[in-house]
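One structure is given below, encoded as structure tokens.
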Amino acid sequence: MRVAIGSDHAGFELKEAVKGFLSAQHHEALDVGTYNQDPVDYADYAAAVGHALHEHKAERGIILCGSGVGASMAANRIPGVRAGLCHDTYSAHQGVEHDAMNVLVLGGRVVGSELARELVHAFLNARFSGEERHLRRLAKVTALENRLRALQVFGQSVWLDYIRRTLITSGELCRLIDEDGLRGVTSNPSIFEKAVSGSSDYRDILEAPGARALDAKTLYEQLAVRDIQDAADVLRPVYEQTSARDGYVSLEVSPLLAHDTAGTLAEARRLWQAVARENLMIKVPGTAEGVPAIRELISDGINVNVTLLFGCDTYEKVAEAYVQGVEQLVARGGDPKRIASVASFFVSRVDTVVDALIAGRLQLTTNVGEQSVLRGLTGKAAIANAKLAYQRYRELFGSERWRALARSGAQTQRVLWASTGTKNPDYRDVVYVEELIGPDTVNTIPPATFDAFRDHGQARASLTEDIESAYDTMEMLGQLGISMQEVAERLLAEGLQLFADAFDKLLKAVEQRSRSAGAGKVNR
């Protein structure tokens, strides 16, 4: 294990002894100072150890000062640091096992060298238990620092459903990564259309001397590829630190190709080459024609974000395409460790449609019992639908077939919750985040919901709660004549049309901005 170790002058002598203990136990010490007994401030060295952990330069830390109190106080001000001042081996071990303590603090004028050796041994040989009660408590502690970071305690990665030039150039993306634990970015035609129409971020490309000679799609791809490349570069450390699990930026193929397998493959491969970043995901819609393209792209070693999933049946086909693609990649001698995919399951739109259908039924029935059942189902379909999709994920990626691929280093195709902004003002504004928290998932959150959860979101292991009620909800909807299959088909058609309309509007905005750039100018 690599251990960052630091002290002030009062802890220097014991620090040198602890480094010897680490070496004897075959650990690597990253000494961040101090390097002599000249008076210094403990806060500087607590910060150095904390930052080494934050930047993943070390797995755990040890800090020493005279009493240990000041260093402990300073270390616990650093995001992600959970430091404990320990004078007994029980606390040094249990602090890790129950509380996920990652920094041991020792008092150089309080603890002798032999006790220090025992404390270090207990600390480094302990592992966090991961039990539900300890996860729950750890999430609450983490939420005191940052509510968004608390989602990571339960195994969920937070991505941002938004991109524009100033997000990158202003340093805001870096801040979101450092402070909020952001782990990825998604884009779509609607997001880019708003960025181009509502800002001057892209003047340098759209008003360049040769811009008027280019068609709108070429110009759009120039600005999109640049943004995606730059965002991917900012997220590259996350990609490396998570061993290619996170740190991705998504770029969508033209929505006009949704029913064209060959066209989707050609454009996806072209965009992959144009962006030339390992931490890119190409977005492909989960249409009947998209599924074989997904399989081929995965077998080519191209990361895929499968978008516009609304039903469990389609999700299973998409997951099967991913598994087949990984199998083909491995059969050709490819490395499955560097291939990644997410299945983007849209959430809030399901409630929008189902709630409208329920409202229509309420107007048609005078049966008090049926009215009560219908009202009880309002706002329940989306979360129930998502929970059942996650159950299928666990089954599919818990099979022996998948375990054989996992032994080769393959990573699961995580379920990504999309469309998680609340559209109904009567619902809690973070409901589609709070109710879908669980291991091996991603939530790509729009900016307003991102800010709302940071302010007042509550994290808990909600995704596997009350699964029976989710099944009951689906069953009751079916009994009332509301077909989730028909809802999914309708939402897919509407989603494709919305993205196609946004793409058309985007190209028109690009063309208008580039054409008007040179209007009225006279060359002399």
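The values are calculated or read from the model by the stated rules, or taken from the named source; none is laboratory data. None of the values given here were measured: they were computed from a predicted structure. When we count neighbours, we look across all protein chains shown, and the Cβ atoms used for this are built from the backbone with ideal geometry, even at glycine.
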- Could you list, in sequence order, all residues of the stretch 333-352 that are hydroxyl-bearing (Ser, Thr, Tyr) and either touching an Asp or Glu at 6+ places or on another chain (Cβ under 9 Å) or closer than 16 Å to Val158 by Cα (or both)? Ser341, Ser344
- Quick one: which of Gly171, Gly107, Gly181, Gly95 is in contact (Cβ under 8 Å) with a residue 24 or more places away in the chain and at positive phi? Gly181
- Query: Can you tell me which residues in the stretch 113-171 are of a type in the set (Ser, Thr, Tyr), assigned to a helix (DSSP H, G or I) and modelled with pLDDT of 95 or more?
  - Reply: Ser113, Thr166, Thr169
- Note on the structure: Checking Val249, Val234 in turn, the sole residue that is in contact with a Cys (Cβ under 8 Å, 6 or more places away or on another chain), surrounded by 18 or more Cβ atoms within 10 Å (Cβ to Cβ) and either assigned by TED's automatic domain parsing to the domain that holds Val306 or over 25 Å from Ser514 (Cβ atoms) (or both) turns out to be Val234
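Do you know which of the residues in the stretch 197-220 that are in a loop (DSSP other than H, G, I, E, B) and hydrophobic (A, V, I, L, M, F, W, C) is modelled with the lowest pLDDT?
Only one residue tops the list, namely Ala208.
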- Message: I'd like the residue in the stretch 10-37 that is free of Cβ contacts under 8 Å to residues at least 40 places away in the same chain and touching a Phe, Trp or Tyr at 6+ places or on another chain (Cβ under 9 Å) and, out of all such residues, is surrounded by the fewest Cβ atoms within 10 Å (Cβ to Cβ).
- Response: Asn36
- Which one of Ala461, Ala452, Ala493, Ala488 is surrounded by fewer than 17 Cβ atoms within 10 Å (Cβ to Cβ) and among the aliphatic types (A, V, I, L, M)? Ala493
- Considering the stretch 464-483 alone, what residues qualify as being assigned to a helix (DSSP H, G or I) and either loosely packed, with under 14 Cβ neighbours inside 10 Å or modelled with pLDDT under 95 (or both)? Glu468, Ser469, Glu475, Gly478, Gln479
- Task: Output the residue which, of all residues in the stretch 172-196 that are among the β-branched types (Val, Ile, Thr) and assigned to a helix (DSSP H, G or I), is surrounded by the most Cβ atoms within 10 Å (Cβ to Cβ).
- Result: Val196
- Query: Looking at (1) more than 18 Å from Ala195 (Cβ to Cβ); (2) assigned to a helix (DSSP H, G or I); (3) in contact with a Phe, Trp or Tyr (Cβ under 6 Å, 6 or more places away or on another chain), which is the one condition that is false for Leu223?
  - Reply: (1)
- Which residues, counting only those in the stretch 65-89, are assigned to a loop (DSSP other than H, G, I, E, B), free of Cβ contacts under 8 Å to residues at least 40 places away in the same chain and within 32 Å of the chain's Cα centre (by Cα)? Asn76, Arg77, Ile78, Val81
- Query: How many residues, within the stretch 141-155, are free of Cβ contacts under 8 Å to residues at least 60 places away in the same chain and either surrounded by fewer than 16 Cβ atoms within 10 Å (Cβ to Cβ) or in contact with a Phe, Trp or Tyr (Cβ under 8 Å, 6 or more places away or on another chain) (or both)?
  - Reply: 2
- When restricted to Ala418, Ala452, Ala406, Ala448, the only residue touching a residue at least 60 places away in the same chain (Cβ under 8 Å) and of a type outside the set (Phe, Trp, Tyr) is Ala418
- Query: Of all residues in the stretch 46-64, which are closer than 20 Å to Ala92 by Cβ, touching a helix residue (DSSP H, G or I) at 6+ places or on another chain (Cβ under 9 Å) and part of a helix (DSSP H, G or I)?
  - Reply: Ala46, Val49, Gly50
- Task: State which residue pairs qualify: first residue at pLDDT 95 or above and inside the stretch 321-338, second residue charged (D, E, K, R) and crowded, with 17+ Cβ neighbours inside 10 Å in any location, beta carbons under 6 Å apart, and separation of 6 or more residues or different chains.
- Result: Ala321/Arg295; Gln324/Arg295; Gly325/Arg295
